[in-house]
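Enquirer: Mind looking over this structure? Questions follow.
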Amino acid sequence: MLPGAEALCSSNHTISDASLRASDHLREFHLSPLSPILLSQPRRRSASPAYFSGRGAMNWVQRKIYLYNVTFGLYMLDWWERYLFNTLVLVLMWFIFYNSSRYLTEFCKRHLW
């Protein structure tokens with residue numbers, strides 16, 4: 001049986017005093033019936049990107065880059081695939097903005113001036 005499983009199997013969902021003493025540094029958090037199981041397992045360090053390291057919170061630019069990478073799935077690409085994709089996005093954005101500015105100038109010349 002898993003450690004702390006007796007707390008899950010009991011009808012009143014009590015948490016033992018030993019698990020509470022082992023988690024003195026976590027007293028400000030709400031402890032659920034799964035807490036003895038979760039607290040008994042060692043914490044693993046994940047391989048996270050540099051902007052998600054333990055140096056504190058991400059700043060605004062880092063959060064936007066992270067959101068862009070996660071939204072478009074770029075986090076799973078190699079570095080060269082990411083550069084290729086970003087280059088294609090930049091060329092497409094340049095094409096859209098350039099042609100939009102040309103259209104807007106023609107539109108303004110015809111209808112507003």
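Enquirer: Quick check on my filter: what residues within the stretch 71-113 are exposed (fewer than 10 other Cβ atoms within 10 Å of the Cβ) and within 24 Å of the chain's Cα centre (by Cα)?
Expert: THR71, GLY73, MET76, ASP78, TRP79, TRP80 - these are the residues of the stretch 71-113 that are exposed (fewer than 10 other Cβ atoms within 10 Å of the Cβ) and within 24 Å of the chain's Cα centre (by Cα).
Enquirer: Follow-up question, since we're still on this one. Can you list the helices (runs of 4 or more DSSP H) lying wholly within the stretch 4-113 that have 2 or more residues being modelled with pLDDT of 55 or more?
Expert: It comes to 35-40, 60-71, 79-107.
The values are calculated or read from the model by the stated rules, or taken from the named source; none is laboratory data. These numbers come from a predicted model, not from an experiment. When we count neighbours, we look across all protein chains shown, and the Cβ atoms used for this are built from the backbone with ideal geometry, even at glycine.
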